[in-house]
Every structure is written in C-alpha cells, then in structure tokens.
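Okay, structure first, notes after.
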Amino acid sequence: MASNQDRKAQLANWGRKITELSEQAQRANAKVRFEDLLFIDELKALYAIAQTKFDELGAVTGPEQAGLEVEVQSAWVDLAATIDCHRNRQPGD
C-alpha cells in the first residue's frame, strides 16, 4: 500500500480528472449521453467516499485504525477500478 502522502496525491489527481470530465460534459455544444452523465456522477460519489474514508483514517489511532484501513482500501479499489473502466471506454460505448 502506498504511503498516505502518495494516496493523498493520487486522490487529488483523480479529483482533478473527475472535475475535468464534468466540465467537458457541461461545455456548450458537448455531445454527452445520459450514460456518460451517470458515469461522472458515479465517479464523483466513489471519490467522495474514498476521500471521506481517507480523512477518517487520518483522524483515528489505535484499534479503530485497522478497520478503517480496510474501508479505505475497499473504497480505493472501487474508485481505481471505475477510473480504469473509463480509460478503457471508447466514445459511444
């Protein structure tokens, strides 16, 4: 598992990419399908969950930390998989 600094940087990077996608979809004359908007919303939700879990992990110590680490890892994997899915999608998929 990456260090907390690395994870924080990766979350920020993902956040920028999600914001970029959202802004592209909102541009005038953008041809955006309903499925694309749902996908962006899914990314935003998964990002919010991962960020919240990561923030919670930074705020606890002791035995609670191990349980939260599992939750952070799960949220991280979900977000990373969804972002990877986006990379593999072709326009019109």
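The table that follows gives values for the structure above.
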quantity: Hits in the stretch 28-40 (condition: of a type in the set (A, V, I, L, M, F, W, C) and surrounded by 15 or more Cβ atoms within 10 Å (Cβ to Cβ)); calculated: Phe39, Ile40
quantity: Qualifying residue in the stretch 16-27 (condition: at pLDDT below 90 and either in a loop (DSSP other than H, G, I, E, B) or among the charged types (D, E, K, R) (or both)); calculated: yes
quantity: Among the residues listed as Thr82, Thr61, the single one being modelled with pLDDT under 90 and either over 16 Å from Ala2 (Cα atoms) or assigned to a helix (DSSP H, G or I) (or both); calculated: Thr61
quantity: Test: residue in the stretch 41-60 that is in contact (Cβ under 8 Å) with a residue 40 or more places away in the chain, in contact with a Gly (Cβ under 8 Å, 6 or more places away or on another chain) and either of a type outside the set (Ser, Thr, Tyr) or loosely packed, with under 11 Cβ neighbours inside 10 Å (or both); calculated: yes
quantity: So Thr19, is it surrounded by 12 or more Cβ atoms within 10 Å (Cβ to Cβ), farther than 21 Å from His86 by Cα and of a type in the set (Val, Ile, Thr); calculated: no
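The values are calculated or read from the model by the stated rules, or taken from the named source; none is laboratory data. As the structure is a computational prediction, the values presented were derived from the model and not from experiment. Ideal geometry is used to build each Cβ from the backbone, glycine not excepted, and the neighbour counts take in all protein chains shown.
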